[in-house]
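Here is the structure we will look at.
The values are calculated or read from the model by the stated rules, or taken from the named source; none is laboratory data. Just so it is clear, the model here is predicted, and its values are computed rather than measured. Virtual Cβ from ideal backbone geometry, glycine too; neighbours counted across all protein chains shown. Quick note on the areas: whole protein, heavy atoms, side chains included, nothing else; ligands and nucleic acids left out. Shrake-Rupley method; radii C 1.70, N 1.55, O 1.52, S 1.80 Å.
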Amino acid sequence: MAWCTLLIVLTCFLQKQGGGRRYGSICILTAMYALCILRIILPLDFTFAVVIPDSRIYPNIYRWLTAERFHIGEYPIDLVKILLFIWAFGSSISLIRYVFSYRDIMRSATVGAVPADERVEAILRQVAAEERRKLKVSTYVLPRIESPYGLGIFRRMILLPNLDYSDEELYYILKHEYTHFLSYDILMKQVVMIFCMLFWWNPAVYLLKRDFDQAVEIKCDTFVTKKMSKAERTAYLKAILSSLHNQKSTAGMPYVSTSLSKDDEFIKARFNAVMGQKKSKRYYIMNACVIICYTLIILFSYLTILQPQIAAPDSSEPRAVEFGSDNSYILHTKDNKYWFFIDGIRQCEIDEEAAVFFENNNFVIIEE
């Protein structure tokens, strides 16, 4: 998780330095999520990895975390087990609360809602006919909301406020929300929520959540308008502004919906993306820097292993012998016995379990 945190903080820093506050490429955020998840589900240690020993900080932290605090029966409890329990407990409570919260959101979404009229349905059919993939999407009018938004993964709904939209405005609003469903944006936001709940103790994931929400909207805008003329793009943006006209805030909107934001800076970024504002050389340089940094960090995380190095205490015995994998080996004889050698001199017989232990610690086993 330390590597994931580093990636998140690096992303926020580079996007802020690259202009437009945190509104960067959706590809960058998607790549970062993929790399974070990859690093979490594949915590591999390769044999060719370089071990970085630490004899000062890491050993002290390790001792502090693994020191026994108390016992439950005969089972020793250290700080690692306590922290893991707190982590698991917090994640479980968050996930359970989220499941019930999502269920309540889906149930309450249609309370007071009425199915949209034939005009809305006809425009939605037109939008669906223009796409290669057809989805089942229901439309409702919900008087208590201030702007349109999409909701649901299996039961897809587009909720509209009780406002008098023109046919053109309805077309662009419905196309925007339908595109969200085609791109699985709500499902992606669900994954983000679960990611945040699993790592609820890490403040960096909430930065990522905020950035991802805004980047999804920009990505949807650019996808919807990529084949439109300049006049059509202008009409699309006017429809977006019209849908935001009566919206006071998004405080009551669930994160897993595709609600619109009235943040001025965010709206400006969306307009620039839709109207095809020419990107500066600095924009591409910053994106390239992010990709290169991600790749190097992930490679470094797999190619290095940070280990505590705890020096063995000096022996006060006059006949004590120092040995290691550089001057010792194990001989496995034909009669299935294991003999331990130091400096080429046979010392003692050891059992198979001890031989395996030494082999795992880079001692060589020679077959007779």
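Condition first: assigned to a helix (DSSP H, G or I) and on the phi > 0 side of the Ramachandran plot. Now tell me which residues in the range 353-368 satisfy that. Listed by number, the list is empty, since nothing qualifies. Of the residues making up the range 344-362, those that are of a type in the set (D, E, K, R) and either more than 17 Å from residue 326 (Cα to Cα) or loosely packed, with under 12 Cβ neighbours inside 10 Å (or both) are 346, 349, 351, 352, 353.
Here's the yes/no breakdown for (1) closer than 14 Å to residue 240 by Cβ; (2) crowded, with 19+ Cβ neighbours inside 10 Å:
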residue: 144; (1), (2): no, no
residue: 148; (1), (2): yes, yes
residue: 151; (1), (2): no, yes
residue: 158; (1), (2): no, yes
residue: 162; (1), (2): no, no
residue: 165; (1), (2): yes, yes
residue: 172; (1), (2): yes, yes
residue: 176; (1), (2): yes, yes
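Considering only the range 136-145, I want to know if a residue exists there that is touching a residue at least 60 places away in the same chain (Cβ under 8 Å) and polar (S, T, N, Q). No: the range 136-145 contains no residue that is touching a residue at least 60 places away in the same chain (Cβ under 8 Å) and polar (S, T, N, Q). Say we look at the range 76-134 and pick out the residues that are assigned to a helix (DSSP H, G or I) and among the acidic types (Asp, Glu); which of these is least open to solvent (accessible area, probe 1.4 Å)? The qualifying residue least open to solvent (accessible area, probe 1.4 Å) is 121.
For the range 203-251, a tally of residues being open to solvent by less than 20 Å² (accessible area, probe 1.4 Å), of a type in the set (S, T, N, Q) and modelled with pLDDT of 85 or more returns 1. Of all the listed residues (138, 91), the sole one being more than 30 Å from residue 224 (Cα to Cα) and at pLDDT 90 or above is 91.
Restricted to the range 66-122, and to residues that are without any contact (Cβ under 8 Å) to a residue 40 or more places away in the chain and basic (Lys, Arg), which residue is farthest from residue 163 (Cα to Cα)? The residue in question is 69.
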